[in-house]
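Notes for the one structure printed next.
The values are calculated or read from the model by the stated rules, or taken from the named source; none is laboratory data. Computed from a predicted model, the values in this text were never measured in an experiment. Cβ coordinates were reconstructed from backbone atoms using ideal geometry, including for glycine residues, and neighbour counts include every protein chain displayed.
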Amino acid sequence: MNNHTRIDADPPEISPVIRRLMQRRWTVAEIMVQVEHEENLEYEHFELVDGEIVPMAARGIFHERLKGTLIIYWARRLPDNIRFVPETTFILNQNTFVEPDFVFFPAAEGLTNLRADTALLAVEVADSSLSSDLGRKAKLYARFGIRELWVINAVKLVTHIFRNPQADGYGERLVVEPTDTLTPSFAPELAVCLGSLKQL
């Protein structure tokens, strides 16, 4: 790769189809065609960064429990003017898409208009991918102008909040302990204290 580092440079297991796809550069449109015609490709976990396939780290039980718990928690408190979607294919440009655990956006925009400039917040729940989410992934989100990013350590429940996106990374970074409250600036109703959640 040229100007970035893979989430996992050499994951323990890469399926033959992903290994084959990694041999060339792709556009988002080309990958969508591949997903339609390649059996089981839709079940593979990967992202596309600047045209290159990036295999995603396996999701552990800490990740899945916290993600499921947050889906229920936020869905019950969602204000009428805000929507969120879990694990969507978030297209950033014609050569890049990511799959954050959550993306929040204005209800008036709708999912079909989800873009970097309409996203209110991206959330990455991380266990095995923590270091890359805090490094390469955060820089990628900043480069595309995502206004706010939360990276949650699924094991320790510590959250890293990134704001003020710039070309080379975020200008502001806060670390929030599990006993403190996380409050989205656009929806105080969605405030959450991770340490107080009863997880699945």
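Some observations on this one:
- Close pairs (6 angstrom Cβ cut-off, 6 or more residues apart or separate chains): in the same structural domain as Ile152 (by TED's automatic domain parsing) in segment 178-190, assigned to a loop (DSSP other than H, G, I, E, B) and surrounded by 16 or more Cβ atoms within 10 Å (Cβ to Cβ) anywhere: Pro178/Leu157; Phe186/Leu120; Leu190/Pro184
- Arg6 being at pLDDT below 95 and part of a helix (DSSP H, G or I): no
- Looking only at residues of segment 151-196 that are among the hydrophobic types (A, V, I, L, M, F, W, C), within 18 Å of the chain's Cα centre (by Cα) and assigned to a loop (DSSP other than H, G, I, E, B), we find that the one that is surrounded by the most Cβ atoms within 10 Å (Cβ to Cβ) is Ala154.
- Test: residue in segment 46-66 that is among the aliphatic types (A, V, I, L, M), under 22 Å from Leu114 (Cα atoms) and surrounded by fewer than 14 Cβ atoms within 10 Å (Cβ to Cβ): no
- Condition check for Arg65: under 30 Å from Leu182 (Cβ atoms), out of contact with any strand residue (DSSP E or B) (no Cβ under 9 Å at 6 or more places or on another chain), among the basic types (Lys, Arg) and without any contact (Cβ under 8 Å) to a residue 24 or more places away in the chain: no
- Unmet criterion (only one of (1) outside any loop (DSSP other than H, G, I, E, B); (2) hydroxyl-bearing (Ser, Thr, Tyr); (3) touching a Pro at 6+ places or on another chain (Cβ under 7 Å)) for Thr118: (1)
- Segment 96-150: number of residues that are of a type in the set (Ser, Thr, Tyr) and within 12 Å of the chain's Cα centre (by Cα): 3
- Residues of segment 95-150 satisfying the condition of being small (Gly, Ala, Ser), surrounded by fewer than 18 Cβ atoms within 10 Å (Cβ to Cβ) and either modelled with pLDDT of 95 or more or within 23 Å of Asp80 (Cβ to Cβ) (or both): Ala107, Ala108, Gly110, Gly135, Gly145
- Residue pairs whose Cβ atoms lie under 9 Å apart, separated by 6 or more positions or on different chains, with the first residue in segment 8-22 and surrounded by 15 or more Cβ atoms within 10 Å (Cβ to Cβ) and the second modelled with pLDDT of 50 or more and among the aromatic types (Phe, Trp, Tyr), are Ile18/Phe46; Leu21/Phe46; Met22/Phe46.
- Filter pass, Leu120 being in contact (Cβ under 8 Å) with a residue 60 or more places away in the chain and assigned by TED's automatic domain parsing to the domain that holds Asn81: yes
- Residue in segment 11-31 that is at pLDDT below 85 and touching a strand residue (DSSP E or B) at 6+ places or on another chain (Cβ under 8 Å) present: yes
- Close contacts from segment 157-172, counting a first residue that is under 16 Å from Val123 (Cα atoms) and in contact (Cβ under 8 Å) with a residue 12 or more places away in the chain and a second that is among the β-branched types (Val, Ile, Thr) and in a strand (DSSP E or B), with Cβ to Cβ under 6 Å and a gap of 6+ residues or different chains, come to Thr159/Ile152; Thr159/Val176; His160/Val151; His160/Val175.
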